[in-house]
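The structure appears right after this line, and notes come after that.
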Amino acid sequence: MTKTTDPVDAARLALLLGELRLPAIKAGWKYVADRADKEGWPAARFLATLAEHEVAERAKRRIERHLSEARLPPGKTLESFDFNAVPMISKAQVMALAAGDGWLDKGANLLVFGPPGAGKSHIAAALGLALVENGYRVLFTRTTDLVQKLQIARRELALEAALAKLDKYHLLILDDITYVTKDQAETSVLFELISTRYERRSILITANQAFGEWGKIFPDQAMTLAAIDRLVHHATIFEMNVESYRRKTALSNKRGRGRPPKHATAKSAA
Ligand code: ADP
Ligand code: MG
């Protein structure tokens, strides 16, 4: 018969572990203690097992928190991204970027260009997800939504604080930068954001239009050039000049339906 824990000790422990903010140990110590008693573990092993459990749970909770704050569109992963559809993009390079080191620590940028449906948002979100899983903090936002928030902050004389708050994100994903409207461009909050993060914190931008068409994103030509200059200084550029994946899959589904079943292959049925 193994020793049972004194109920007074157990109640005291629950209080102490709560006070110390060790919820995983608080929830799991009884199970580990029973095992340690039964198997005659040395005290050090018992303590180390509990500490490891708390550390692992903490890391899990942190990633869950970072995932929910990242606001990534659901279901866009690197696993579900068909790299064959964009032969100009190297999968190995994307995988290296997904590891995060070598660019996020330097505040380098990633600029993703391509027509609608090319897969820009998908690859941006998928990279964001991989980076969160690797311990980084990311925020995915439509550029116009963020500009709108920053404009409100500016009106309330709190732009600097709002920009500083975004510093906690190693990567800011600005989806569809060229959708910024004329009136949004006039306040130049986007330029402030780019300048503030320059060489410190990374930005990932997706854009339907090449730099030549960026005139309406910023208040004037000089600021457009200055913004582009800062963005490209330390940047990887993906040019996804492919036909719309949406259109392509819609077309191949249609073709697939029109074909007699004996010609259908496992691949086209997928
Ligand atoms: P963009 O942002 O360039 O307009 P999206 O990333 O929104 O395009 O892609 C359009 C749709 O096609 C999305 O549902 C996306 O998941 C899918 N898609 C695009 N490219 C690929 C790809 N290479 N592999 C798998 N799905 C893709
Ligand atoms: Mg998109």
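Of the residues making up the stretch 1-47, those that are of a type in the set (A, V, I, L, M, F, W, C) and within 38 Å of the chain's Cα centre (by Cα) number 13.
With the structure loaded, tell me whether Thr144 is hydroxyl-bearing (Ser, Thr, Tyr) and either at pLDDT 95 or above or touching a strand residue (DSSP E or B) at 6+ places or on another chain (Cβ under 7 Å) (or both) or whether it fails that test. Spelling it out, Thr144 is indeed hydroxyl-bearing (Ser, Thr, Tyr) and either at pLDDT 95 or above or touching a strand residue (DSSP E or B) at 6+ places or on another chain (Cβ under 7 Å) (or both). Among the criteria (1) among the charged types (D, E, K, R); (2) more than 18 Å from the chain's Cα centre (by Cα); (3) under 29 Å from Lys165 (Cβ atoms), the one Asp82 does not fulfil is (3).
Applying the criterion of being open to solvent by 10 Å² or more (accessible area, probe 1.4 Å) and away from ligand 2 (no atom under 15 Å from the Cβ) to the residues of the stretch 128-145, the residue that is nearest to Asp176 (Cα to Cα) is Leu139. Within the stretch 88-144, the set of residues being touching a Gly at 6+ places or on another chain (Cβ under 8 Å) and aromatic (Phe, Trp, Tyr) comprises Tyr136, Phe140.
For (1) open to solvent by less than 60 Å² (accessible area, probe 1.4 Å); (2) farther than 23 Å from Phe140 by Cβ, each residue gets a yes or a no:
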site	(1), (2)
Leu174	yes, no
Lys182	no, yes
Ala185	yes, no
Arg200	no, no
Ile203	yes, no
Asn208	yes, no
Leu231	yes, no
Arg255	no, yes
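Scanning the stretch 70-92 for residues that are away from ligand 1 (no atom under 15 Å from the Cβ) and open to solvent by 40 Å² or more (accessible area, probe 1.4 Å) yields Arg71, Ala92.
When every residue of the stretch 225-239 is checked against the conditions, none turns out to be among the hydroxyl-bearing types (Ser, Thr, Tyr) and either modelled with pLDDT under 95 or assigned to a helix (DSSP H, G or I) (or both). Scanning the stretch 1-32 for residues that are touching a residue at least 12 places away in the same chain (Cβ under 8 Å), outside any helix (DSSP H, G or I) and not hydrophobic (A, V, I, L, M, F, W, C) yields a total of 3. Criterion applied to Arg45, Arg35, Arg58 was being in contact (Cβ under 8 Å) with a residue 24 or more places away in the chain, open to solvent by 90 Å² or more (accessible area, probe 1.4 Å) and outside the structural domain of Asn134 (by TED's automatic domain parsing), and the one residue passing it is Arg58.
Just to be sure before I move on: is Val242 modelled with pLDDT of 95 or more, within 23 Å of Gly119 (Cβ to Cβ) and surrounded by fewer than 19 Cβ atoms within 10 Å (Cβ to Cβ) in the structure I sent? Judged against the criteria, Val242 is not a match. You will find that of Ala158, Ala118, Ala125, the residue that is free of Cβ contacts under 8 Å to residues at least 60 places away in the same chain, crowded, with 17+ Cβ neighbours inside 10 Å and in the same structural domain as Phe218 (by TED's automatic domain parsing) is Ala125 and no other.
The values are calculated or read from the model by the stated rules, or taken from the named source; none is laboratory data. Quantities reported herein were computed from a predicted structural model and do not represent experimental measurements. Cβ: placed from backbone, ideal geometry, glycine included. Neighbour counts: every protein chain shown. The protein model used for the area step is the full one, side chains on, heavy atoms only, and it has no ligands, DNA or RNA in it. Shrake-Rupley method; radii C 1.70, N 1.55, O 1.52, S 1.80 Å.
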